[in-house]
Amino acid sequence: MTGPSLHVCFVVTSDLTVGAFLKGYAHELRRQGHRLTIVCSPGGGTAGFEGLATILPLPMRREPSPLMDLVALVRMIRLFRKVRPDIVVYATPKASLLASIGAFLSGINTRVYELWGLRMETSVGFGRKVLRALERVTVALSSSVVPNSSSLASRASELGVLRGKSPVLLGEGSSHGVDVERFSRSAVRADVDTGTRQFLDRSSGFTIGFVGRLHPDKGVDVLIEAVRLCLASGDQVRALLVGGDEGARLPSLAELPVHTVGQVADPRPYLAEMDVIVLMTLREGFPNVILEAASMEVPAIVADSTGSIDSVVDGCTGYVVPTGDVQALAIAIRSLLVDPAKRSTMGHAGRERVEDQFSHHLVCKLHVDFYIEEWSRRTAAS
């Protein structure tokens, strides 16, 4: 390390986000000789950060709760004034709003907003106006905004939330990249759960996968209808849906070879069973699960929605199809089903792309280097 040792504080709403997103940041900050404090709601997701970061629990509710949000904001301000970080970085909507206000009022001059998506994209009416106003507050109080995909940067500008700020896209995007050694066909991993193994053993066919929250925004209903269309055309297909139920409005699964797995700690055994992964989401920041699948040489079919469109090189690592288009999705599935050589070529191309552009070492270093450069620039100017 050539510069000063700095204290970085990373704030996210959920402890589960810490475990899934921040390990690479913690290792890179330690490698560069900096100190990390993580603020999040209490929970078990911070296990494994011993020696890497100081964890400070601060309860935050994901959904609006004016009284609890005010309490959390007061606690956030007290926390910042006590620990006095040099840099505050925040991501996820609620944490970003509270941390941007708290850091601004605490006089911390380097406040980085890691923009990982826009909830307002799929909201309507008064709720959309409220979310837009809150996003604009967060942006206005941030010294810099770092969207995790090119299309998200463009969409944020179109929706008027950037308030004249120029977003900073680092590398090719992604919030935290992929551990390419762990997400590899050759890596040691456990088997799928017993129920999934029984489903796979008693059925056969081209395996279409989904990994993520079973939420209305994720387009799982489009995937299921495409499965139905493929079956009606005589294609032998089946589907694995991996993820916790968050109110997705699914068509009837009766008579369909569709297996729902639920939330899993390790998606790799399930990715290894897939011939293709599908994400027909209405919005994303940058879907890291598509990169993880690519790292395991699984091609993807994704919607041309915000964030999602950045995750695939169309015709090279998979296909991009119009959002909500069941027929286009079925056609793309069929083209991979009948051409194993194409699947293999796309799988290899996806792996190479992840290794070259999205390894977690590269992505996290780009972000940490930016934090330090931003601190140096703002400190010199003050």
Review point. Looking at the P(r) of the chain, how many percent of alpha-carbon pairs lie beyond 39 Å?
Key: 18
Review point. Percent of accessible area on region 150-278 owned by carbon and sulfur, 1.4 Å probe?
Key: 44
Practice item. Work out, step by step, the length gained on full extension between S123 and A232: first 0.36 nm times the residue separation, then minus their alpha carbon distance; give nm to one decimal. Key: 35.8 nm
Review point. Length gain on complete extension for the stretch T54 to R378, per 0.36 nm per residue less the alpha carbon to alpha carbon distance?
Key: 114.1 nm
Revision key, fill the gap. Ranked by GNM mean-square fluctuation in the chain (Cα springs under 10 Å), the top entry among A248, A303, A95 is A248
Point to revise | Distant-in-sequence amide H partners of G262 (H built 1.01 Å from N, under 5 Å) | key: G243
Study note, to complete from the structure: If amide H atoms are modeled at 1.01 Å from N in the peptide plane, then the residues at a separation of 5 or more from T54, or on another chain, having amide H under 5 Å from its own are L36, T37, I38
Point to revise | S144 long-range amide H proximity, modeled H, under 5 Å | key: R111, Y113
Point to revise | Table column - 3J(HN,Hα) (Hz), region 310-323, Karplus curve with 6.51, -1.76, 1.60, x for Gly and Pro | key: 7, 7, 10, 8, 4, x, 10, 9, x, 10, 10, 10, x, 4
Practice item. Express in Å², to the nearest 10, the accessible area of W375 obtained by rolling a 1.4 Å probe over the protein heavy atoms while all chains stay in place. Key: 50
Point to revise | Calculated from backbone phi, Karplus (6.51, -1.76, 1.60) coupling profile of region 121-132 in Hz, x at Gly/Pro | key: 4, 10, 9, 9, x, 5, x, 5, 5, 5, 4, 5
**Study point:** Calculated from backbone phi, Karplus (6.51, -1.76, 1.60) coupling profile of region 266-273 in Hz, x at Gly/Pro
**Key:** 10, x, 4, x, 7, 4, 5, 8
Revision key, fill the gap. accessible surface per residue for region 327-375, probe 1.4 Å, DNA/RNA/ligands not counted, whole Å² -> 45
Review point. When the distances between all Cα atoms of region 108-243 are binned every 10 Å from zero, what whole-number percent does each bin get?
Key: 10, 25, 27, 22, 14, 2, 0
Practice item. Would you rank I331, I372 by solvent-accessible area, highest first, keeping every protein chain in place and using a 1.4 Å probe? Key: I331, I372
**Study point:** Eligible aspartates and glutamates near K129 by straight Cα distance, threshold 15 Å, same-chain separation 8 or greater
**Key:** E121, E158
Exercise for review: Please work out the Cα center distance from region 316-366 to region 1-72, rounded to the nearest Å.
Suggested key: 32
Point to revise | lysines with Cα under 30 Å of K23, excluding same-chain neighbours fewer than 8 positions away | key: K82, K94, K165, K218, K365
Point to revise | For region 242-382, Kirkwood radius (reciprocal of mean inverse C-alpha pair distance, Å) | key: 16.9
Practice item. Any chance you could list P(r) for region 62-106, counting all Cα-Cα pairs in 5 angstrom bins from zero, rounded to whole %? Key: 5, 24, 34, 24, 10, 3
Check your understanding: Given only helices, namely DSSP H runs of n ≥ 4 each adding -39500 (n - 2.57), what is the per-residue ellipticity at 222 nm of the chain, to the nearest 500 deg cm²/dmol?
Key -> -13000 deg cm²/dmol
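The values are calculated or read from the model by the stated rules, or taken from the named source; none is laboratory data. It should be emphasised that the depicted structure is a prediction, and the values quoted were computed from it without experimental measurement. For the accessible areas, the whole protein counts, side chains as well, though only heavy atoms, and no ligand, DNA or RNA atoms are used. Shrake-Rupley method; radii C 1.70, N 1.55, O 1.52, S 1.80 Å.
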